[in-house]
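These notes are about the structure you will find just below.
The values are calculated or read from the model by the stated rules, or taken from the named source; none is laboratory data. From a predicted model like this one, the values you see are computed outputs, not experimental measurements. FYI the Cβ positions are ideal-geometry reconstructions off the backbone, even for glycines, and counts take in every protein chain you see. Areas reflect the complete protein model, heavy atoms only, side chains present, ligands, DNA and RNA absent. Shrake-Rupley method; radii C 1.70, N 1.55, O 1.52, S 1.80 Å.
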Amino acid sequence: MDSSKVRAQVSATLQEILSQPQAWRESLSSFKSSPILETILRTTASRTEWLFVGCGTSFYLAKAAAVSWHILTGQLARAVPASEILLFPALYLPRGTDVQTVVISRSGSTSEAVRAAALLRKEHRLPTLGVTCTLNSPLESACELTIQISSAQEKSMVMTRSFTTMLLVLQYLASVKGGKKEFGASLEATADRFSVSLAGFSEKMDTFTEKWAFDDYVFLAQGPFQGIAREASLKLTEMSSSFSQFYHTLEFRHGPKSIVGPETCLTFFISESGKDAECEVLAEMKELGGVVIAVCNQANKFITASSDLVFELNLDLPELATLATAVVPAQLLGCYAGLKKGLNPDAPRNLSRVVLLD
Ligand code: F1P
């Protein structure tokens, strides 16, 4: 067995990536039957606008949750980094609207997130809902209500299953709020359907990273997948200390494509509704010499012809229910690219598990 495989076996991060379906199953089932679900629905019944807040991965989760909230409930929803709430609150808190805030933090201790929750609640008198994987956290003390998802907690520094699990739980909440029962059932089916593909995805990505070496990574997506592309880019940077960028897929033509060459790895998250236009960009970047990874529900002949590696989710589920699964190939890419560089994805350079400020 080669050294990267040996190290992969002891990588807590890799084990957590591979344990995601189990965490999804447990967390959705306990959230569904928890009294907090009814309490949240009752106390937020009159809210018309939702503001999702977080830092780092939890901010990208806020983005994916906000877009899901809007689609499933029809209500206005936005996502902002906690730092914006602290530095420029007036930009995000229009007077006279009935805003529900949701502050997300795996640790429940990130200073900016906890301070933003306190500011929103105490100074702006806005209702605050915390979402965390940690029991008895400072975030819980700062918020009126808290969703705790302890079965998604991680040993690792880098957030993987906590991201996907918190996203699925927030999407489930949105499905109940929006009266979309079937969508809720789709989320519950995700774990069983996706677990069939996960080990194969991991092997494919391991082989791919062994073969290639890149200077730059790019993650491209449109619509509901934008938050996923941003999180994918962060995973790659954190675990492999590599340069990585994210754009809306069609925006990439407007300048950024100048970096494309054989040392550039471009990952496309292909949506169903934007598939044709996104596939055109994918083919163009292949023509320019880039190495292309496609993540899609089902590949068409254009994707197959122009990609070096294809991850088909193969989920017979609504597109929005596939967001959490779509990020998994990028989690694997970050982990295996880090191992190949001789790094330890469990202990990324310069990072701490929580950013605590004085
Ligand atoms: C947020 C976060 C992580 C990041 C880093 C520091 O943590 O920014 O996304 O990987 O290790 O913390 P949290 O507020 O969700 O606990």
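Once you keep just the Cα pairs under 8 angstrom separated by 6 or more residues, what percentage relative contact order results for the chain?
Numbers: 677 pairs, mean separation 67.2, N = 358.
19 percent.
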Determine the percent antiparallel among the DSSP beta bridges restricted to the chain, to the nearest 5.
0
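Return the equivalent ellipsoid semi-axes of the stretch 26-111 as a descending list in whole Å, where each equals the square root of 5 times an eigenvalue of the C-alpha gyration tensor.
Values: eigenvalues 93, 63, 28 Å².
They are 22, 18, 12 Å, listed largest first.
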So, for the stretch 27-175, what is the accessible surface per residue at a probe of 1.4 Å, expressed in square angstrom?
37
Taking the Cα-to-Cβ direction at Leu41 and at Ala199 and moving 7 Å from each Cα, how far apart do the two end points lie in nm?
3.8
Unit-weight point scatterers at every alpha-carbon of the stretch 288-358, Debye formula, q = 0.12, 0.13, 0.15, 0.28 1/Å: log10 I(q)/I(0) is -0.51, -0.57, -0.71, -1.21
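Over the stretch 260-318, give the accessible area per residue in Å² for a 1.4 Å probe, as an integer. Could you put the intermediate results ahead of the total?
Numbers: 2400 Å² over 59 residues.
That works out to 41 Å² for each residue.
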Set of the stretch 155-196 residues, backbone N closer than 19 Å to the point 7 Å along the Cα-Cβ line of Glu49:
none
At 1.4 Å probe size, with every protein chain present, just tell me what the per residue accessible area of the stretch 177-238 comes to in Å².
41
Measuring from label point to label point, each 7 Å out along Cα→Cβ, what is the Leu91 to Val355 span in nm?
1.5
Taking Rh as the Kirkwood radius, which is the inverse of the mean 1/r over Cα pairs, what is the Rg/Rh value for the stretch 215-358?
0.98
Calculated log₁₀ intensity ratio I(q)/I(0) where the Debye formula runs over C-alpha points of the stretch 176-266, q = 0.16, 0.20 Å⁻¹:
-0.85, -1.08
What is the magnitude of the charge dipole of the stretch 59-176 about its Cα centre, with +1 placed on the Cβ of each Lys and Arg, -1 on the Cβ of each Asp and Glu, and no other charges, expressed in debye to the nearest 20?
80
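The chain: percent of C-alpha pairs farther apart than 29 Å? Please report the intermediate quantities before stating the final value.
Details: 24010 of 63903 pairs.
Taking all Cα-Cα pairs of the chain, the fraction more than 29 Å apart is 38 percent.
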First compute the accessible area of the stretch 225-269 with a 1.4 Å probe, then give the percent of it belonging to carbon and sulfur atoms.
57
Potential lengthening between Asp308 and Ser19 on full extension [0.36 nm per residue; Cα-Cα distance subtracted]:
101.4 nm
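Using a 1.4 Å probe over the heavy atoms of the protein chains, calculate the carbon and sulfur portion of the accessible area of the stretch 281-338 as a whole percent.
Numbers: 850 of 1740 Å².
Here carbon and sulfur together make up 49 percent of the probe-accessible area.
Quick one: with all protein chains in place, what share of the accessible area of the stretch 1-145 is carbon or sulfur, to the nearest percent (1.4 Å probe)?
Of the solvent-accessible surface of the stretch 1-145, carbon and sulfur hold 55 percent.
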For the stretch 125-138, in order, what is each residue's ³J(HN,Hα) by Karplus, 6.51 cos²θ - 1.76 cosθ + 1.60 with θ = phi - 60°, in whole Hz (x at glycine and Pro)?
6, 9, x, 10, 10, x, 10, 8, 9, 10, 7, 6, 9, x
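Give me the one-decimal Kirkwood hydrodynamic radius in Å for the stretch 1-149, with the sum taken over alpha-carbon pairs.
16.4
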